[in-house]
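Below is one structure, written out as structure tokens; the observations come after it.
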Amino acid sequence: MVLAVGVVAAVLALLQPAGPAWAANPVLDPEDDADLVATLAEATQVQGVCYGYLLTVDDGDTGEWGGTYAASSGGEGVRAPDADGCPQGTVELVAQVTYTSELSDAEDSASWGLVSDVPGLTIADVEAADVSADGLLDDDGSAATLLDAVQSLPRLAAEEAGLEPVVAEPSTDAPPEGARATDSPGNDRLRENLVLLGLSVAAVLSGLVALVASSRPSRPTDPWRSR
Amino acid sequence: MSGRGLKLLALVLVVAGIAGIVALTTRGSVRSHLLRTYEVVERDGDSYVLRSPDTVTRTAADIADAWKPAERLVDPGGTFLRYSDDIVAVTPRAAGGSTVHLDDEDRGYDRWFPYVVGFWGVGGGGGPVGGTRGGGPGAGK
């Protein structure tokens, strides 16, 4: 009897939809996290403040991405408040992303806030640099949004609370052979003025069409019609 | 509309359109904007070091408002803006305000390589170094 129940349970378990073997951070991959940790650790050395993020993902769609992810000056998977060596306190960006089912009418959503021991530093300071939590929902831009937001924290702490700034210094070493910028950034003037330029070209073309139309001889009056 | 009125409207549209095109295509560049706006501290060929009285956040935002960058990269040590021919790095000054570094694309990439590699380019050997700012679940609505 016990054996039969066990077999039935095993069969039922096999018939269940397979869940993800592990949840993956949908925003930052492990390499991003490692780079971020190294960058934040340098800032901590200068300012004595530990920085990091805590991202909670509720994946009501596939369930694949659901979970809680963190990285900080203290390491990958370590929340800033749990990091060691933070004599001046901690600053943590706490973000929440919700993916809804494709079948649901509800939209995906994202929000974030800042938990800070540094006085005067708020999430509004982060957002003043043109980043918003909605960027976390952008497949192509979510990583840049989170990285920009978290990496701006040491600079904002210096600006808002008078902490010693971290200063990027230009490299004096030649980069490795083959190092080069990729992807054309495009034309600055077109990027800046594309709409106005389009309107100007449209105005010229419209004007030329109108000019041609106005130069056409007017239709002669039918002499028989007036009779 | 009478033929004369139409002709007048056509001329106005052509003249306004040409004036717009000329104004927009000869507007200058981010380089001329920076040299006009900030105090030059140092010059080395096409590279300039300029000084802004404002914070990095404010200065970078002002520059981006005046000339929209193709890409923007934020680092604790500064903000990097990429343009078609120039790279602009805005870094904090301990004494207050910020320093604006203006370089052409090649020199700027070489100088700021440790910060922008992996984001705007490759680090030699063909593969990107550092983060790629990609990923994402592909599940968004």
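Nothing in this text is a laboratory measurement; each read-out follows from the coordinates by a stated rule. Keep in mind the model is a prediction, meaning the values are calculated, not measured. Heads up, the Cβs are rebuilt from the backbone with ideal geometry, glycines too, and the neighbour counts pull from every protein chain shown.
Structure values in brief
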| read-out | value |
| --- | --- |
| Listed residue (A:L103, A:S72, B:I87) projecting farthest to the positive dipole end of the protein assembly as shown, Cβ model | B:I87 |
| Local electrostatic count, A:E192, Cβ distance below 12 Å [Lys/Arg +1, Asp/Glu -1] | +2 |
| Listed residues B:D103, B:D62, B:D44, most fluctuating in chain B (Gaussian network, C-alpha, under 10 Å) | B:D44 |
| Two-decimal log10 I(q)/I(0) for region A:22-161, as the Debye equation yields it once each C-alpha is a single scatterer, q = 0.19 Å⁻¹ | -1.05 |
| With eigenvalues of the C-alpha gyration tensor scaled by 5 and rooted, region B:28-116, Å | 16, 15, 14 |
| Orientation-averaged projected area, Cα convex hull of the protein assembly as shown (nm²) | 33.5 |
| Distance between modelled label sites at B:V41 and A:Q88, nm, 7 Å Cα→Cβ extension | 2.0 |
| Per-selection Kirkwood Rh - region A:101-227 (Cα, Å, 1 d.p.) | 21.7 |
| Student exercise, region B:28-116 dipole from Lys, Arg, Asp, Glu Cβ charges, in Debye to nearest 20 | 300 |
| Loop-exposed chymotrypsin sites (Phe, Trp or Tyr not before Pro) per DSSP, neighbour cap 15 Cβ within 10 angstrom, longest uninterrupted part of chain A | A:23-223 |
| Choice from A:E42, A:E127, A:E192 showing the highest fluctuation, given a GNM over chain A with Cα pairs closer than 10 Å | A:E192 |
